[in-house]
Structure formats: C-alpha cells, structure tokens
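See structure below.
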Amino acid sequence: MVSLPDVRWAERGGLLLKQARHAASMKQSVLASVSGTSRTTLSAYEHGRKSPTLETAGRILDAAGFRLVLEPKVEFARVGAVFVPNRLPRLGADKALSTVRFRDRVYDLADRGARRDAYAALLREGTPQEILDHVDGVLLVELWPELALPPAVRAAWRPLVQEAGPC
C-alpha cells in the first residue's frame, strides 16, 4: 500500500482548528471565549504546540459552526503502472465540478465530456494525491462505461468500480 504523507497530529489538529476559525470569520479571542478555553491555549492548539482532547476539539469546532466527522481512510496500491485506491473517494460538489489542471491540460469537471477525459487521464497517470483531489467515486461509476482506458488500467480499477455500483 502507498500511504500519503502524515503530518504530526498536533499540527494537523491545529490546522483544522485554525481553518474552522477562519471560515467562521472569528478572532482567536472570540472563539476561545465562546468555546470555553483561553486565547493562549487556542493559539497553542492552532500552532501545534499543544494537542486538545477529542472533546475539547469538538467543543471548539462546534463553537465555530463545524462538527467533527469520521471519514474512511483511502489507501492506494500500485497495480502495474497505476495507483488504485482501496475505496472510491468522495468529493464535495465544489471540488467534483471544479476546473483542474492535469498534465498541461485544463479540464472543466462540470462538463461531462471534459470530466470523462480528465478521469481517463487521472486513472492512467494520476498520483494518489491527484486521484484524491479530482476523482469523485459516484461520478466515476456513472462515467465508467464511457471511459477510454487501456485494458490493464480498466482491469486494475474494475473490481473497485463494480463493487461500488452497477456499471
């Protein structure tokens, strides 16, 4: 299996808290007060100097208008020359239908034909991170019969796609 690089949990958690605070347009002092912690402690969390308990992180995220969610981990295996995940990734609509650059081409994923071409290229040549960033599992299953893929790439991905839904 190929794992994507992990950062330290304190840094990852701190970044999550900071992103939530920025998305909520809150100052540290306001979020700290609303969540029942001090500004200096919140700063230490955001900079990875301290790690909050799960309960505390949940309370801070809740105060910022977010919730802590459990999400399945996606790992990749190299099958021949391609990377295949252990489960199909899901993307939010904003990413699934965005415009992306891949191998010197720009694809508008909101356009079905462009998405078909992008997915074919990503399944053939994409890195694990590129696949996670741009391929939505539901949209892949729906496009599967139309994808122009070399037989080896189709064979590598077929079990995963068949497991996910009718093709």
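Tabulated results
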{"quantity": "5 Å binning of all Cα-Cα separations within the chain, expressed as whole percents from 0 upward", "calculated": "1, 8, 15, 16, 13, 11, 11, 10, 8, 4, 1, 0"}
{"quantity": "For the chain, calculated [θ]222 nm from helices alone, where every DSSP H run of n ≥ 4 adds -39500 (n - 2.57)", "calculated": "-15000 deg cm²/dmol"}
{"quantity": "Measure of compaction for segment 86-144 (Cα Rg per 2.2 N^0.38 Å)", "calculated": "0.97"}
{"quantity": "Whole-percent carbon and sulfur share, accessible surface of the chain, 1.4 Å", "calculated": "54"}
{"quantity": "Value in Å of the Kirkwood radius, where segment 125-167 supplies the Cα pairs that are averaged", "calculated": "10.9"}
{"quantity": "R0 of 35 Å, Cβ-Cβ distance residue 77-residue 111: FRET efficiency to nearest 0.05", "calculated": "0.70"}
{"quantity": "Accessible solvent surface per residue of the chain, calculated while the other protein chains remain in place, 1.4 angstrom probe, Å²", "calculated": "58"}
{"quantity": "Solvent-accessible ranking of 71, 130, largest area first, probe 1.4 Å", "calculated": "71, 130"}
{"quantity": "Accessible-area value, residue 131, 1.4 Å probe, nucleic acids and ligands omitted, Å²", "calculated": "0"}
{"quantity": "DSSP-loop trypsin sites (Lys or Arg not before Pro) across segment 82-167, with at most 12 other Cβ within 10 angstrom", "calculated": "103"}
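The values are calculated or read from the model by the stated rules, or taken from the named source; none is laboratory data. Just so you know, these numbers come straight off a predicted model, no measurement behind them. A quick note on method: Cβ atoms are made from the backbone with ideal geometry, for glycine too, and the neighbour counts reach across all protein chains shown. Ligands, DNA and RNA are excluded from the accessible area calculation, which covers all protein heavy atoms including side chains. Shrake-Rupley method; radii C 1.70, N 1.55, O 1.52, S 1.80 Å.
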